[in-house]
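The values are calculated or read from the model by the stated rules, or taken from the named source; none is laboratory data. None of the values given here were measured: they were computed from a predicted structure. Methodologically, a virtual Cβ is constructed for each residue, glycine included, from the backbone with ideal geometry; neighbour enumeration extends over all protein chains shown. Side chains are part of the model used for accessible areas, which takes the heavy atoms of the whole protein and leaves out ligands, DNA and RNA. Shrake-Rupley method; radii C 1.70, N 1.55, O 1.52, S 1.80 Å.
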Amino acid sequence: MSRLGIIDTHAHLDDNRFDSDRAAVMERLARDMEAVITQGTTYESSVASVEMAEQYDFVFAAVGWHPEDLAGIKDESYIAELEKLVREHEKVVAIGEIGLDYHYGTEEKELQQKLFRAQLEIAEEAKMPVVIHERDSIADCLDCVFDYDVTGTFHAFSGSKETAKKLLDRGWYISFGGTVTFKNARQPVENAVYVPDDRILTETDSPYLTPHPFRGERNDS
């Protein structure tokens, strides 16, 4: 067991912000962390996450397409590609990071929902948890996830207490990142108090969501 015994359930260890010192970062994480689950955001990112998981004993992978990375999808083959990663690699432990993001507009929301549902189907068939990204899309997001026999975690959760209750009642976990330290983070802090300790997962979203007072710097697990 590691010195800390802590699991970071959501990081992006393949991100190019680690390119200059990834070996040193991984050496430190191997010493300090029980495990890290690194998230896919595209097919290439998912493959990189799987490769890192197979290289390091303490790393596990989630595979999926992020709603902000739709441009890389050329045809329906992405479904078979994700299914193959799940089927052939034992260290794939979740489908993620997937979800809906309407923050920059809703022009592609139907395409986002189609992609999201296709990946939820993979998770349901494989009996795997899902890692959900949701921004400015909570009603549609809940409509999608509640149509499938899946659970998992809503990452960097910033929804209402009422939404948190709906998720908890259905067996979901909720995770909070560095945003709970932001000075204007009233809702995330209230939710962190409300959600039972045994339903909270620890995450960093590394290298993103760096907590106060280190905002602007790279966030490490």
Measure of exposure for Arg218: accessible area at 1.4 Å probe, Å² rounded to 10, is 70
Counting residues in the chain as N, plug N into 2.2 N^0.38 Å and put the Cα Rg over that result. 0.97
List the residues whose amide H sits under 5 Å from the amide H of Gly96, counting only those 5 or more places along or on another chain, with H placed 1.01 Å from N in the peptide plane. Gly40, Val63, Gly64, Val131
Candidates Gln113, Gln187, Gln55: whichever shows maximal mean-square fluctuation once the chain is modelled as a Gaussian network with Cα springs under 10 Å: Gln55
Treating the beta-carbon of each Lys and Arg as +1 and of each Asp and Glu as -1, no other charges, what is the dipole magnitude of the chain about its Cα centre, to the nearest 20 debye? 780
Could you quote the convex hull projected area for segment 140-219, Cα atoms only and averaged over all directions, in nm²? 5.6
Dipole of segment 1-152 (Lys/Arg Cβ +1, Asp/Glu Cβ -1, origin at the Cα centre): which of Ser20, Gly5, Gln119 lies farthest to the positive side? Gly5
Principal axis lengths of segment 91-170 from Cα atoms, whole Å, largest first? 34, 28, 22
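Per 0.36 nm of contour for each residue apart, how much would the distance between Glu121 and Arg186 grow if the chain were fully extended, relative to their Cα-Cα spacing?
20.0 nm
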In order over segment 180-197: 3J(HN,Hα) from phi, Karplus 6.51/-1.76/1.60, θ = phi - 60°, whole Hz, x for each Gly or Pro, gives 5, 8, 5, 5, 9, 8, 5, 5, x, 5, 4, 5, 4, 6, 6, 5, x, 4
Mean separation of Cα contacts under 8 Å, 6 or more apart, over the residue count of segment 69-221: relative contact order %: 16
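As a test of the definition: which semi-axes, in Å, follow for segment 1-75 when you take the square root of five times each eigenvalue of its alpha carbon gyration tensor? Largest first, please.
Ellipsoid half-lengths, sorted descending, are 25, 12, 10 Å.
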Segment 36-134 -> Rg/Rh from Cα coords, Kirkwood Rh, value 0.96
